[in-house]
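The values are calculated or read from the model by the stated rules, or taken from the named source; none is laboratory data. Keep in mind that what you see is a predicted model, and the values were worked out from it rather than measured. When we count neighbours, we look across all protein chains shown, and the Cβ atoms used for this are built from the backbone with ideal geometry, even at glycine.
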């Protein structure tokens, strides 16, 4: 094996490890095991994942690109902490974009798409029954992303995915009405409208659902609870 091959192999191995770390951190953020504002120390993460600081740094940079992590000069990396203004703007943007994608999804959904959406709902309610609120909210976000995918407009779907990623952090900070989770039964009506090809109803249901989620936020200054990195990242 040549020296170039060895170096390439090591680089690929590091990239794979970095991808694993980024995925694990992303999931922990979306499932609200890592609260907004949590410090992501390179040494601590390196010890937890058993990788070098270089790998950790690359993972944190990739999450910063997705706006899930803030990297502050001379202070380190932190789970992003959206402001009150951003919280309002994110949900207002979703209320503008997602009703239209729901209408388009109703025109384009296949039977397999409908089955997949219903599986999402089943998994979401199973998580709620198990008391895993963060996981349920993460699955709810994926449900919305799948509707955007079915609408088959990749540029808008990318915007919606980014908005939903920010929504997860916003909900972790400002969520005050846990009963609204149970109101995700609205997903059932939405899927039925899409399955029926009723675009107008799907659009109305999506708009109503998002307005309800928005109203479940208490957009006042708030501090998320602290939790150790090791506990938050424990499988």
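Quick notes on this structure:
- Residue match in the stretch 129-137 (condition: crowded, with 16+ Cβ neighbours inside 10 Å, farther than 22 Å from residue 36 by Cα and not assigned by TED's automatic domain parsing to the domain that holds residue 37): no
- Counting only helices (runs of 4 or more DSSP H) wholly contained in the stretch 140-235, the ones carrying 1 or more residues that are in contact with a helix residue (DSSP H, G or I) (Cβ under 6 Å, 6 or more places away or on another chain) and at pLDDT 75 or above occupy 154-174, 186-195, 199-215, 229-232.
- Residue count for the stretch 42-66, restricted to those that are outside any helix (DSSP H, G or I) and loosely packed, with under 15 Cβ neighbours inside 10 Å: 2.
- The set of residues from the stretch 27-51 being over 15 Å from residue 64 (Cα atoms) and over 22 Å from the mean Cα position of the chain (by Cα) comprises 43, 44, 46, 47, 48, 50, 51.
- Taken over the stretch 106-121, residues that are touching a helix residue (DSSP H, G or I) at 6+ places or on another chain (Cβ under 8 Å) and in a helix (DSSP H, G or I) amount to 10.
- Cβ separations smaller than 6 Å between residues 6+ apart or across chains give the following pairs from the stretch 124-136 residues that are under 12 Å from residue 30 (Cβ atoms) to residues that are at pLDDT 85 or above and surrounded by 16 or more Cβ atoms within 10 Å (Cβ to Cβ): 135/127; 136/124; 136/127.
- Just one of the listed residues (93, 80, 87) is within 20 Å of residue 19 (Cα to Cα) and within 17 Å of the chain's Cα centre (by Cα), namely 80.
- Taken as a whole, the structure places residue 91 among residues that are surrounded by 15 or more Cβ atoms within 10 Å (Cβ to Cβ) and touching a strand residue (DSSP E or B) at 6+ places or on another chain (Cβ under 8 Å).
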